[in-house]
């Protein structure tokens, strides 16, 4: 986080705007939507501050509650919370304590001049109390873990051995993971340009520590042992330092996409299902398999499928604006891939802004060989990337999301042809949206656990291996943690 210089906004100005961002998030807006309301020149600095505040909001609010007898006016409360958040982590705060206090008081002078003395007194009291204040903060679940108390309880119930590590992982900055476009030659052809640009990188495999649990309580059923998950990520690389995408050579030309390692499993898993269908039939399911991506936006998994296979693909999303992002991504990546001669393209795509549950409004009656259902969820697996999500969700939201996921599963399963497959995915670490959802689905439809492909990884947790685990691409270098995810690949009898 930069302070000032070269005409950049000063810290107290950024604090003022970050306080307004926090007020909007407290009102229910997402941080990206709130940032979009700022002038472009302010966004980078305020985004960095805003992400830090969201990561340490629990500690900051617990400290504020211990220091302040009565809540101040909303704008003062927000600025005070932002300043307290910037005192964390206690062993490595981003600013010197006294400089932060001075800048916070200057920001208060602009935002609420009458409260300068109050903010100054509270922050200096926080500095004086030091470890004693930290001990008080740690007594609150939200203060200790920087997640809402209900979220902490749910994680501890679902993952009693890993909950602490999962919440600590959410406090880390995510790596910049790229997917090399397979039709442009993949990593082998495209990575030399990264070297030339001075962007250090390494191949990426999923850490063994990410494997959290099976896709259903009944297990994967009989069948061959699954291939190692690392073999499913041949297009993945991770940069040693994050850079804007316009600094990645070939990004504008479609050579690379930004996609987390866990998300890069979706396309290979679905194509595994199609391969099994072709093997069972003795011939390919159709000249070009017919695939449905039921909740496609922003299009990363849609594009990955089209990079790896020639498909007739339908991409649906209930939000027309988000569906436009799918179209933009496909255009940048030159997909569907053009073929030489009069055949035009290796496959085709149809984009429709519809609710996938309302099958009668969009389906043509022809079954699909494969369906990808990347269902709406809590986003509890990607809170290191979206640290505001943990504060925007409520415990009651989970039940509503579980109902929506079940409705989508029940609506789309009849559209899969016999022998075809459905890949259910969520970027969630909550079992209600993963293994428990699949258990309930199998029970509703009277399906045996054997419909679950043995390659289904089930729950993936956002954890990293130790360097000695053997998963690292280079000696002593651990693989970065992937996002939290869930996958279940189901084959229709």
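Every read-out reported here was derived from the displayed coordinates using simple, explicitly stated rules and does not represent laboratory data. All values reported here derive from a predicted model rather than from experimental measurement. Every residue, glycine among them, receives a Cβ derived from its backbone with ideal geometry; neighbour counts consider all protein chains shown.
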* To do: Give the order of 324, 492, 139 when sorted by the count of other beta carbons within 10 angstrom, beginning with the fewest.
  => 139, 324, 492
* Asked: Using alpha carbon coordinates only, what is the Rg to Rh ratio of the range 11-146, with Rh defined as the Kirkwood radius?
  -> 0.94
* For 22, 136, 442, what's the fewest-to-most ordering of other Cβ within 10 Å of each Cβ? -> 136, 442, 22
* To do: Please give the direction-averaged projected area of the C-alpha convex hull for the range 135-216, in square nanometres with one decimal.
  => 9.0 nm²
* **Stokes-Einstein D for the range 282-406, Kirkwood Rh over Cα pairs, 25 °C, 0.890 mPa s (µm²/s)** => 152 µm²/s
* To do: Give me the percent of DSSP beta bridges within the chain that run antiparallel, rounded to the nearest 5.
  => 55 percent
* How large is Rg over Rh for the range 360-426, taking Rg from the Cα atoms and Rh as the Kirkwood inverse mean of 1/r across Cα pairs? -> 1.09
* Residue-averaged [θ]222 nm for the chain, counting only DSSP H segments that reach four residues, each worth -39500 (n - 2.57) -> -12500 deg cm²/dmol
* To do: Give me the percent of Cα-Cα pairs in the range 1-88 that sit more than 15 Å apart, rounded to a whole number.
  => 55 percent
* Give the order of 314, 391, 362 when sorted by the count of other beta carbons within 10 angstrom, beginning with the fewest. => 362, 391, 314
* Structure fact -> Relative contact order in percent for the range 11-146 (Cα pairs under 8 Å, 6+ apart) equals 32 percent
* Tensor-based shape of the range 107-160 (alpha-carbon gyration tensor, a/c under 1.5 rounded, otherwise prolate or oblate) -> oblate
* Asked: What is the helix-to-structure angle for 186-196, meaning the angle in degrees between its Cα long axis and the longest Cα principal axis of the chain, kept from 0 to 90 and rounded to the nearest 10?
  -> 30 degrees
* Structure fact -> Semi-axes of the chain from the Cα gyration tensor (sqrt of 5 times each eigenvalue, largest first, whole Å) come to 43, 25, 22
